[in-house]
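Report on one structure; see the data block that follows.
The values are calculated or read from the model by the stated rules, or taken from the named source; none is laboratory data. Nothing here was measured: the structure is a model prediction, and the numbers come from that model. Every residue, glycine among them, receives a Cβ derived from its backbone with ideal geometry; neighbour counts consider all protein chains shown.
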Amino acid sequence: PFGKDLKRTLVQAGKLADQMGSTTVGSQHVFLALLEYSEGGWAVLVKMNVLDDTVTALDVCESLLQNMADQPDQARRELVTGAGGSGKMPTLTECGVDLTQQAEDGLLDPVYGRDDETRACVRTLIRRRKNNVCLIGEPVGVGKTAIAEGVAQILVDEKLCPARLKGHRLFSLELSNLVAGTKYRGEFEERLQSIIKEVTDPKAPPTILFIDEIHNLVGAGAAEGGMDAANLLKPALARGELQLIGATTIMEYRKYIEKDAALERRLQPVMVKEPSVVQTIDILQAVQSNYEKHHGVTYTSAALNAAATLSDRYMTDRFLPDKALDLLDEAGAIAHLEEPDEDVTPEVTEHTVAMVISEWSGIPMGKLETQEMDRLQALEGEMGRRVKGQGRAIRGVARAVRRARSGLRDPRRPVASFLFCGPTGTGKTELCKTLAETYYGSEKDMIRIDMSEYMEKHSVSRLTGPPPGYIGYEEGGQLTEAVRRAPHSVVLLDELEKAHGDVLNILLQVMEDGMLTDGKGRTINFKNSILVMTSNVGSRRILEVARSGRDSIVQKDHYLYAELAQVVKEELEREMKPELLNRIDEIIVFSPLSTGDLWMIAELIVAKISERALKEQKLELKIDRSVIERVMAEGSANADQFGARPMRRAAQRFVEDSLSDAIIQGFLQEGEGATVSLASKAS
């Protein structure tokens with residue numbers, strides 16, 4: 001894209017810069033190259049009165065050459081340090097942001113609920129020695145940067161600013177700006193030394209530096225045999241000529257700052273804790289007007305309360321007040337987009353906030369309106385349409401769901417913890433899938449872990465993740481990583497009795513406190529999960545009752561069910577530790593399926609086949625009762641031992657196989673109807 005003349009000029013400018021000992025090509029080199037090659041360039045400059053007509057090009061070249069010979073690297077120094085800029089602190093102005101100027105212009109949000117931390121910062125800044133602050137808090141969102149902005153607002157407030165800090169400026173220094181463009185060795189050090197010189201200059205206004213992620217100073221800009229940024233700052237900090245406020249996380253402080261004793265000694269730590277829900281509501285009220293002005297909406301007080309409480313309860317992987325502010329911001333954007341009339345000011349209510357939290361978390365968080373209350377009351381019937389013959393189990397699960405949706409459950413524990421006991425094929429796993437779909441919205445919101453894989457003592461590390469230094473440390477644990485990615489889900493621990501006893505011990509804190517620490521030291525939150533454990537303990541005794549000919553009354557006879565529950569409880573006490581059983585909300589016994597239950601399951605399986613045929617192939621099927629009877633006869637032959645699982649295989653053999661053959665052979669076309677009977681299978 002460059003023309004021949006431009007290329008020639010740039011090449012010549014590079015040669016001139018090299019001859020004059022400059023490491024960079026500056027505007028003066030390009031100017032000299034233009035004077036040498038451009039025939040009309042000099043006349044244009046004279047015509048524009050840039051140069052006197054008595055001055056020749058040779059005179060200008062000699063003058064420039066003399067100046068550049070005296071200071072060969074002046075252009076590079078101006079580029080690196082910003083000395084060619086304007087103002088008393090050109091390098092700092094170029095690499096940082098004046099927070100006090102932003103505070104004067106009203107560009108910073110007000111800081112509320114952080115009075116103690118802000119006062120601690122100001123108190124440290126006016127100390128005679130060790131007057132540098134290091135804000136230490138959780139990784140993101142607790143308000144470390146906001147506290148620094150609060151200090152800037154105090155510095156510009158005549159009534160609040162202490163006398164010793166009058167006239168001080170607070171600059172936020174971006175380390176990325178310091179490193180940017182420093183291609184050659186020594187440029188980073190020179191730029192940082194220039195900033196230190198500007199800040200410590202007695203003629204310059206007193207300046208305090210704010211360095212976010214201050215742990216990045218350790219090792220920043222260091223080359224082989226060179227010094228990093230932290231070591232460059234230490235002399236000025238030791239002499240008390242430089243004041244700064246740093247911000248970092250607890251983990252990074254221990255990893256970088258504490259290891260550098262000289263740097264740690266010069267920083268006064270100030271702990272920044274996550275604010276409470278009440279403090280967060282005060283913070284939201286303080287910034288409410290800014291968000292209303294930005295989105296053109298109004299927020300109700302109920303919306304502010306909901307943003308704080310719901311984010312604290314359901315967004316467990318983030319911290320207040322950041323997550324509450326994000327929730328408020330998103331709700332304002334939704335309200336603005338949903339109002340087509342520009343003359344109407346939309347109102348953000350608690351229902352809008354609940355919609356956002358429901359979208360983010362996947363939990364139905366809508367307001368408990370009459371329609372939803374009716375659905376919760378009819379929850380047993382909704383779950384009973386999929387799980388047949390286990391009315392007691394369904395009622396126990398439904399009670400826990402209603403307790404969670406009404407807001408009366410203990411927020412420090414999981415939504416519920418169940419132990420499902422009973423013979424195989426009685427609907428334990430199916431009830432878990434139904435629970436995931438009913439409460440969380442989809443069967444996919446279920447984490448299933450086969451506990452038979454954790455029979456060894458050392459396998460506990462597979463659940464929580466191995467400790468540092470072991471293979472797989474970076475991958476995390478199978479249980480903790482799954483819950484960390486999907487905290488709103490049903491956690492199914494299948495065949496619990498097969499796991500090693502030490503593996504079961506980690507479940508104690510999950511069921512009691514709703515938390516589990518993984519191999520990396522992170523706290524995984526189970527407070528929005530439903531914990532379901534299944535076991536075959538007691539199945540033999542239950543089957544003995546079924547074989548005695550009383551299976552038809554197992555679920556109807558309250559006393560017999562109580563006897564079965566007692567038998568299962570006694571066997572559980574022999575197999576499992578009492579501290580584990582004592583933390584389970586409800587132990588539910590699944591009874592053997594009666595003949596009537598098996599009939600309903602057969603009809604349900606065949607009906608699902610018809611639904612899939614209609615959805616996938618647009619086939620309208622009519623299943624003859626004789627087919628259902630055959631499926632029932634084949635599938636229930638060993639129901640005492642295998643439960644209802646053989647029923648599904650019988651349906652595949654008598655219904656799905658015949659339909660598949662008819663479709664492949666062309667007897668059934670898309671959109672047609674068909675009757676499936678015992679005689680012809682498909683006609």
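For first residues located in region 502-517 and surrounded by fewer than 15 Cβ atoms within 10 Å (Cβ to Cβ) and modelled with pLDDT under 85, partners that are part of a helix (DSSP H, G or I) and β-branched (Val, Ile, Thr) and lie 6+ apart or on another chain with Cβ distances below 6 Å form the pairs Asp502/Val460.
When the residues of region 437-464 are filtered to those that are of a type in the set (Ser, Thr, Tyr) and touching a Leu at 6+ places or on another chain (Cβ under 9 Å), the one that is nearest to Gly477 (Cα to Cα) is Thr464.
Summed over region 184-215, the residues that are at pLDDT below 80 and either of a type in the set (Asp, Glu) or under 36 Å from the mean Cα position of the chain (by Cα) (or both) give a count of 3. Does Ile245 satisfy the criteria of being within 18 Å of Gly96 (Cα to Cα) and either assigned to a loop (DSSP other than H, G, I, E, B) or hydrophobic (A, V, I, L, M, F, W, C) (or both)? Spelling it out, Ile245 is indeed within 18 Å of Gly96 (Cα to Cα) and either assigned to a loop (DSSP other than H, G, I, E, B) or hydrophobic (A, V, I, L, M, F, W, C) (or both). Among all positions in region 256-274, there is no residue which is surrounded by 14 or more Cβ atoms within 10 Å (Cβ to Cβ), of a type in the set (S, T, N, Q) and either in contact with a Leu (Cβ under 7 Å, 6 or more places away or on another chain) or part of a helix (DSSP H, G or I) (or both). Of the helices (runs of 4 or more DSSP H) lying entirely inside region 51-143, those carrying at least 1 residues that are at pLDDT below 70 are 57-70, 74-81.
Checking Ile245, Ile281 one by one, the residue that is of a type outside the set (Gly, Ala, Ser), modelled with pLDDT of 85 or more, surrounded by 15 or more Cβ atoms within 10 Å (Cβ to Cβ) and within 30 Å of Ala163 (Cβ to Cβ) is Ile245 and no other. The single condition among (1) modelled with pLDDT under 80; (2) surrounded by 20 or more Cβ atoms within 10 Å (Cβ to Cβ); (3) out of contact with any Ser or Thr (no Cβ under 9 Å at 6 or more places or on another chain) that Leu237 does not meet is (1). Could we say that Leu320 is under 22 Å from Gly143 (Cα atoms), in a loop (DSSP other than H, G, I, E, B) and in contact with a Ser or Thr (Cβ under 8 Å, 6 or more places away or on another chain) here? When the stated conditions are applied, Leu320 passes them. Scanning region 403-425 for residues that are part of a helix (DSSP H, G or I) and either at pLDDT 80 or above or not charged (D, E, K, R) (or both) yields a single hit, Ala404.
Residues satisfying the criterion are absent from region 35-42 (criterion: outside the structural domain of Glu187 (by TED's automatic domain parsing), modelled with pLDDT of 75 or more and either more than 52 Å from the chain's Cα centre (by Cα) or assigned to a helix (DSSP H, G or I) (or both)). Scanning region 181-205 for residues that are over 16 Å from Pro90 (Cβ atoms) and either of a type in the set (Phe, Trp, Tyr) or loosely packed, with under 15 Cβ neighbours inside 10 Å (or both) yields Lys183, Tyr184, Arg185, Gly186, Phe188, Pro202.
Looking across region 437-487, just one residue is part of a loop (DSSP other than H, G, I, E, B), among the aromatic types (Phe, Trp, Tyr) and crowded, with 18+ Cβ neighbours inside 10 Å, and that is Tyr454.
Listed by first and then second residue, the pairs with beta-carbon distance under 7 Å, at least 6 apart or on different chains, first residue in region 606-625 and crowded, with 17+ Cβ neighbours inside 10 Å, second of a type in the set (Ser, Thr, Tyr) and assigned to a helix (DSSP H, G or I), are Leu621/Ser610; Ile623/Ser610.
Among residues of region 313-331 that are acidic (Asp, Glu), those with a beta-carbon under 6 Å from a residue that is assigned to a helix (DSSP H, G or I) at least six positions away or on a different chain give the pairs Glu330/Val356.
Within region 386-408, the set of residues being without any contact (Cβ under 8 Å) to a residue 24 or more places away in the chain and more than 17 Å from Val532 (Cα to Cα) comprises Gly407, Leu408.
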